[in-house]
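**Student:** One structure follows; several queries about it will come next.
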Amino acid sequence: MIFRVFLAVAFATVMSGVAAAEPAVTFSKDIAPIVFAKCAMCHHAGGSAPFSLLTYATARSHATQIGEATRSGLMPPWKAEAGVGGDFIGQQHLTDQELAVIQQWVQAGAPEGEPRDLPSTPRFTDDWQLGRPDLVVTTPAYTLGAGDRGIVRRVLLPSSAPEIAETLRMVLGWAWTYVIVAELIGASSGIGHMITDSQALLATDQIIFGIIVIGLIGLVTDFAFKAFNRKLFPWAQLGR
Ligand code: HEC
């Protein structure tokens, strides 16, 4: 009896060894044809999906995920209810047979198989997938349902506000200049007036002090304005 059990165990071990040496489902023979046809249009370098499925190495490193994503119906993505309204052009759902093959492959440890069984790798361009369109119109705000007032408030004003604030900053510089000029010419107080007075009294130190103070005030307000703009309009930094 014990001998028989031993024989059975030995037989099972040998058979499982044979099965492991000759995996039924391999990437080259069974999985590549499926993923090349139904996944690779997104799953290639530069495609919309986060990793390529054009090589065994990348498919293997995502094997468990592939098993889960196809079983749950997450991949390949198709928003319409399955089986309703017939098949659509470009619809790439997996057949039950294909789903089963993928599960077997994942369970078998994602074996590679013979490279010579591999179908030729499809090629993809980064260009328009359906040929160049005649016209490309980009009005995302309207497409997303914004009204005219919304466009003014949420698009036009925010997009021009940084430029307006930048112009205000420069105009503030001019304004300082005019204030000083007015003080130099015809005021009875202020830094400009002090400089004119010092000129008459030949007090060079006071003149230089006045000039430095004017420069510092200009510099400080300019930097403050700049920092304020940067804080107020962070999106303006994106395009710079
Ligand atoms: C229409 C384009 C498209 C097709 C076709 C497609 N995928 Fe994806 N796939 C994506 C995108 C985009 C993501 C990233 C989704 C995300 O991160 O939310 C993704 C993510 C995945 C993930 C990771 C899912 C996770 O758990 O994060 C797996 C695995 C996957 N795809 C496998 C497949 C397989 C297998 C096929 C073919 C049967 C396939 N995909 C077909 C676009 C596609």
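The values are calculated or read from the model by the stated rules, or taken from the named source; none is laboratory data. Remember, it's a predicted structure, so these values are computed and weren't measured experimentally. Every residue, glycine among them, receives a Cβ derived from its backbone with ideal geometry; neighbour counts consider all protein chains shown.
**Student:** Check segment 207-226 and report whether any residue there is farther than 30 Å from Ala141 by Cα and not in a helix (DSSP H, G or I).
**Tutor:** First pass over segment 207-226, keeping only residues farther than 30 Å from Ala141 by Cα: 207-225.
Still in the running and not in a helix (DSSP H, G or I): none.
No; the residues of segment 207-226 include none that is farther than 30 Å from Ala141 by Cα and not in a helix (DSSP H, G or I).
**Student:** Just the residues that are over 15 Å from Gly173 (Cβ atoms), surrounded by 14 or more Cβ atoms within 10 Å (Cβ to Cβ) and among the hydrophobic types (A, V, I, L, M, F, W, C), please, taken from segment 202-240.
**Tutor:** Answer for segment 202-240, where residues must be over 15 Å from Gly173 (Cβ atoms), surrounded by 14 or more Cβ atoms within 10 Å (Cβ to Cβ) and among the hydrophobic types (A, V, I, L, M, F, W, C): Ala203, Ile207, Phe209, Phe233, Ala236.
**Student:** Scan segment 182-196 and tell me whether some residue there is in a helix (DSSP H, G or I), surrounded by 10 or more Cβ atoms within 10 Å (Cβ to Cβ) and touching a residue at least 40 places away in the same chain (Cβ under 8 Å).
**Tutor:** Let us first name the residues in segment 182-196 that are in a helix (DSSP H, G or I), namely 182-186, 191-196.
Then keep just the ones that are surrounded by 10 or more Cβ atoms within 10 Å (Cβ to Cβ); that gives 182-186, 191-196.
Those still in the list that are touching a residue at least 40 places away in the same chain (Cβ under 8 Å) too: none.
The answer is no, given that none of the residues of segment 182-196 is in a helix (DSSP H, G or I), surrounded by 10 or more Cβ atoms within 10 Å (Cβ to Cβ) and touching a residue at least 40 places away in the same chain (Cβ under 8 Å).
**Student:** Can you confirm whether segment 98-110 contains a residue that is of a type in the set (Asp, Glu) and touching a residue at least 24 places away in the same chain (Cβ under 8 Å)?
**Tutor:** So in segment 98-110, the residues of a type in the set (Asp, Glu) come out as 98.
From the residues that got through so far, the ones that are touching a residue at least 24 places away in the same chain (Cβ under 8 Å) too are 98.
There is at least one residue in segment 98-110 that is of a type in the set (Asp, Glu) and touching a residue at least 24 places away in the same chain (Cβ under 8 Å).
**Student:** Looking at the structure I just gave you, is Ala110 in the same structural domain as Gly73 (by TED's automatic domain parsing), part of a loop (DSSP other than H, G, I, E, B) and within 16 Å of the ligand (Cβ to nearest atom)? So that I can check it myself, show each step before the final result.
**Tutor:** Values: in the same structural domain as Gly73 (by TED's automatic domain parsing): yes; part of a loop (DSSP other than H, G, I, E, B): yes; within 16 Å of the ligand (Cβ to nearest atom): yes.
Judged against the criteria, Ala110 is a match.
**Student:** Now for a different question. Among the candidates Ala165, Ala141, single out the residue that is in a helix (DSSP H, G or I), farther than 28 Å from Arg60 by Cα, of a type in the set (A, V, I, L, M, F, W, C) and modelled with pLDDT under 90. It would help to see each step written out before you state the result.
**Tutor:** Values: Ala165 fails: modelled with pLDDT under 90.
Exactly one of Ala165, Ala141 is in a helix (DSSP H, G or I), farther than 28 Å from Arg60 by Cα, of a type in the set (A, V, I, L, M, F, W, C) and modelled with pLDDT under 90, namely Ala141.
**Student:** Suppose we filter Ala165, Ala146 for residues that are surrounded by 10 or more Cβ atoms within 10 Å (Cβ to Cβ) and more than 25 Å from the chain's Cα centre (by Cα); which single one remains? Working first, answer last.
**Tutor:** Details: Ala146 fails: more than 25 Å from the chain's Cα centre (by Cα).
Result of the check over Ala165, Ala146: Ala165.
**Student:** All but one of (1) more than 30 Å from Gln237 (Cβ to Cβ); (2) not aromatic (Phe, Trp, Tyr); (3) not assigned by TED's automatic domain parsing to the domain that holds Val25 hold for Leu156, so report the exception by its number.
**Tutor:** (1)
**Student:** Okay, next question. Out of the residues in segment 21-62 that are touching a helix residue (DSSP H, G or I) at 6+ places or on another chain (Cβ under 8 Å) and over 15 Å from Glu98 (Cα atoms), state the one that is surrounded by the fewest Cβ atoms within 10 Å (Cβ to Cβ).
**Tutor:** Within segment 21-62, the match that is surrounded by the fewest Cβ atoms within 10 Å (Cβ to Cβ) is Phe51.
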